[in-house]
Amino acid sequence: MNEKAFLEFINPLKDRIYRLSLRYLISKDAAEDATQEVILKLWKNRKKIKGYDSPEAFAITITKNHCIDQLKLKNNNNLRIVHSNYESHQRPLQQQIEAKDELKIVSKIIKSLSEKEQNLIQLRDIEQMEYLEISQIVDMNETAIRVALSRARKKIRTKMLEIHRHGIARN
Amino acid sequence: MELQEIEILLDKYLAGETSLKEEVRLKEFFKNHPNVPEHLKEYQALFSFFESEQEKTYEGGLYLPKPKPFKRWISIGVAAVFIGTLLIWSPFDNNLPESNSNQQLKIQNTKGLLMMMGNTVKEGRANLNYLEELDTLQAIGKTQISKTKR
């Protein structure tokens, strides 16, 4: 695969690689570095790429594994996927609910999910990938993915309902 | 009524049973209808969130090591020196008895050639690194850098 063909392959993927790295590594700088490194890895393995049914799934898998390695290496608080419980705010949430804050609330709720669940939300709800591709990346079968996604989505909904109805979130 | 369809889809969505098309339909609906009934407001926020996440893009540069024709010549050079060494040690010379000084000369030559080979490879490698830096600098020149380091 020559440079031109590789760039054609990578260009539509780089944002996806970046977003997934961002989900794992939180920091923009770390995600940008990871994206660079993944692209280089893919370049070095460019001969392999053609052999895969889904070169895209291959690229995303490399990204996922790279990010997991980074987390193991750095073992830094900033870079861990934080399984945090949503904390209550000082003032009643009704006063806060503007569009922007609402997005922050959703973001926090999603970050309180498990790594597996966050991954699935990222790949399905944000990246809009088909189950077949996702199953290659996360090494789960389609049924397992659907079940996990369902659980995650219900959790999100429950937590959001709590916030809207009670004003201050409970754990 | 559309709302009814949407509510059916939302149930499927929570059960993990929607297709991508149906999920896109849900997203479009919430995007185009900012004023949804109270009981659907959470979904509004959720799908807006997905939309905002989708809009994040990679702002860094794309650095690729360029193909190095130079590398080829290094390997050919090494191969040539290697073959040359073998020729010197060629068994076909064995008809004449070797004088000691001739053998010494051969050994010296081979050593010399092997050292040259080592140096060529070293130089070659140093040149490669330089080229990589050069390429990186060129790439930086060509692509936009919007990355700011803190």
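The values are calculated or read from the model by the stated rules, or taken from the named source; none is laboratory data. From a predicted model like this one, the values you see are computed outputs, not experimental measurements. When the accessible area is computed, the model is the full protein with side chains, heavy atoms only, and any ligands, DNA or RNA have been set aside. Shrake-Rupley method; radii C 1.70, N 1.55, O 1.52, S 1.80 Å.
Okay, here's what the table says:
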| read-out | value |
| --- | --- |
| Heavy-atom accessible area ranking, 1.4 Å probe, most first, across B:89, A:43 | B:89, A:43 |
| With all protein chains modelled, accessible area of residue B:18 [1.4 Å, Å²] | 0 |
| Accessible area (Å², 1.4 Å probe, nearest 10) - residue A:135 | 30 |
| Sequence of A:106, A:147 when ordered by accessible area, the most exposed leading, probe 1.4 angstrom | A:147, A:106 |
| Heavy-atom SASA rank of A:58, B:82 (probe 1.4 Å, accessible area, largest first) | B:82, A:58 |
| Karplus-derived HN-Hα couplings along region B:24-39 (A = 6.51, B = -1.76, C = 1.60, θ = phi - 60°), whole Hz, x at Gly and Pro | 4, 4, 4, 4, 4, 4, 5, 5, 8, 10, x, 9, 8, x, 3, 6 |
| In Hz, Karplus ³J(HN,Hα) per residue of region A:109-116 (6.51, -1.76, 1.60; θ = phi - 60°; x = Gly, Pro) | 4, 5, 5, 7, 7, 6, 4, 4 |
| Restraint check, A:14/A:64; A:100/B:12; B:68/B:106; A:111/A:154; A:108/B:21, Cα-Cα greater than 23 Å | A:100/B:12; B:68/B:106; A:108/B:21 |
| Residues with amide H under 5 Å from that of residue A:129, placed H, sequence gap 5 or more | A:124 |
| Rounded percent of accessible protein surface that carbon and sulfur make up, region B:1-86, 1.4 Å probe | 61 |
| Solvent-accessible area of residue A:1 with every protein chain in place, 1.4 Å probe, in Å² to the nearest 10 | 60 |
| Chains A and B, summed buried accessible surface - 1.4 Å probe, Å², nearest 100 | 3600 |
